[in-house]
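Enquirer: First, the structure itself, so that you have it in front of you.
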């Protein structure tokens, strides 16, 4: 059974609080037809094309895809943090506040955006582990956001809040007087999460928050994030290129490829029964945790150059199920009952391959095709221990001399 076959709620660990059922909460952020280009005119690169996304209250929405697929660009466009030469060329982003009017984030002015950022929408940026100022103490960096957004707060109240935030992420309050270089990588990442939570936002956008951390620290950060989500009730947009991480935390998942959303579904449906060949390829790229060894197959080729995208479906040069229509027409995001997929194999005009037509409740044993024909015998890779265990006497001439005395 591969990591993709594990139940998401089982992987969260025993004792975790029950998470909201995907799709049942009120919409918090609604993205419709969002388009982002880098550059202008004929030479513009279409980095995000017609993105539709909904993040609901209390939900963890995973955004997955290879590097360069447009995940971070989409997040920065939603929050209006996109830097030049990035240009939002179309679409709508609505933020539904509690007991306050809905805000169009793309039409909001700078003052309105400043009031929303960190108060309502916080961001843990990519490479956040290195985002702390190396010459400022931890307390100064935690209280900076309080000074900017809570100017009436007293110095003692800011200190108390900073200590509370550190303890919230399981760091002792006596670390407030330390510098970033005195903290481990995992602790620095926790500090950045504490900064993001300083004003109790409704949404936390996390862009590759566990990059460059070892797997043990990754696990700790993910468990910490889920504990805080359950305690504070914020929604999370979790961006990663590592789909295996999303089995730990996501309620629903959106998969991006070449600037387009190619599949959206509940996490259980994605992991048990993907509908897009790209999603299937990502899932099959992870090794099995149990059972016999099997030959691993990555996705052949490389993502397309967005300056010169291929005609038709952008994934067709790498797809093992490609047929004529894929090469000439780009599929829309097709609505499939409770999920969506941008693939002509799912338009109902033909029978979809068995591995792209499974039921999500079919059981984990149906996730992967039979591996026997592709599985080398493990003994080939396991030489006999005697062949690499020379007798110690060969390397001990002193012992031989002593034996003749």
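Enquirer: Given the conditions (1) at pLDDT 95 or above; (2) over 14 Å from residue 29 (Cα atoms); (3) assigned to a helix (DSSP H, G or I), and given that residue 74 satisfies all but one, which numbered condition is not satisfied?
Expert: (2)
Enquirer: Moving on. Considering only region 229-261, state which residues are surrounded by fewer than 19 Cβ atoms within 10 Å (Cβ to Cβ) and more than 18 Å from residue 68 (Cα to Cα).
Expert: Answer for region 229-261, where residues must be surrounded by fewer than 19 Cβ atoms within 10 Å (Cβ to Cβ) and more than 18 Å from residue 68 (Cα to Cα): 230, 231, 232, 233.
Enquirer: Would you mind stating whether residue 264 is touching a strand residue (DSSP E or B) at 6+ places or on another chain (Cβ under 6 Å) and either part of a loop (DSSP other than H, G, I, E, B) or surrounded by fewer than 14 Cβ atoms within 10 Å (Cβ to Cβ) (or both)?
Expert: Answer is no for this residue.
Enquirer: Would you mind stating whether residue 134 is surrounded by fewer than 16 Cβ atoms within 10 Å (Cβ to Cβ) and not in a helix (DSSP H, G or I)?
Expert: Against the criterion (surrounded by fewer than 16 Cβ atoms within 10 Å (Cβ to Cβ) and not in a helix (DSSP H, G or I)), residue 134 qualifies.
Enquirer: Can you tell me which residue in region 167-194 is surrounded by the most Cβ atoms within 10 Å (Cβ to Cβ), limited to those that are free of Cβ contacts under 8 Å to residues at least 12 places away in the same chain and within 15 Å of residue 141 (Cβ to Cβ)?
Expert: 173
Enquirer: I would also like to ask the following. Are any of the residues in region 312-324 on the phi > 0 side of the Ramachandran plot and at pLDDT 95 or above?
Expert: yes
Enquirer: Here's something else I'd like to know. Could you check region 137-160 and list, in sequence order, the residues that are within 25 Å of residue 103 (Cβ to Cβ) and in a loop (DSSP other than H, G, I, E, B)?
Expert: Within region 137-160, 150, 151, 152, 153 qualify.
Enquirer: Specify the residue that is surrounded by the fewest Cβ atoms within 10 Å (Cβ to Cβ); the eligible residues are those in region 78-122 that are in contact with a strand residue (DSSP E or B) (Cβ under 7 Å, 6 or more places away or on another chain), free of Cβ contacts under 8 Å to residues at least 40 places away in the same chain and assigned to a strand (DSSP E or B).
Expert: 104
Enquirer: What's the total number of residues in region 227-244 that are out of contact with any helix residue (DSSP H, G or I) (no Cβ under 6 Å at 6 or more places or on another chain), part of a helix (DSSP H, G or I) and more than 18 Å from residue 123 (Cβ to Cβ)?
Expert: Residues in region 227-244 being out of contact with any helix residue (DSSP H, G or I) (no Cβ under 6 Å at 6 or more places or on another chain), part of a helix (DSSP H, G or I) and more than 18 Å from residue 123 (Cβ to Cβ): 3 in total.
Enquirer: Please verify whether region 227-237 includes one or more residues that are closer than 30 Å to residue 307 by Cβ and either in contact with a strand residue (DSSP E or B) (Cβ under 6 Å, 6 or more places away or on another chain) or without any contact (Cβ under 8 Å) to a residue 60 or more places away in the chain (or both).
Expert: Among the residues of region 227-237, at least one is closer than 30 Å to residue 307 by Cβ and either in contact with a strand residue (DSSP E or B) (Cβ under 6 Å, 6 or more places away or on another chain) or without any contact (Cβ under 8 Å) to a residue 60 or more places away in the chain (or both), which makes the answer yes.
The values are calculated or read from the model by the stated rules, or taken from the named source; none is laboratory data. Everything numeric in this text was worked out from a predicted model, so none of it was measured. Here Cβ is always computed from backbone atoms with ideal geometry, including for glycine, and neighbour counts include all displayed protein chains.
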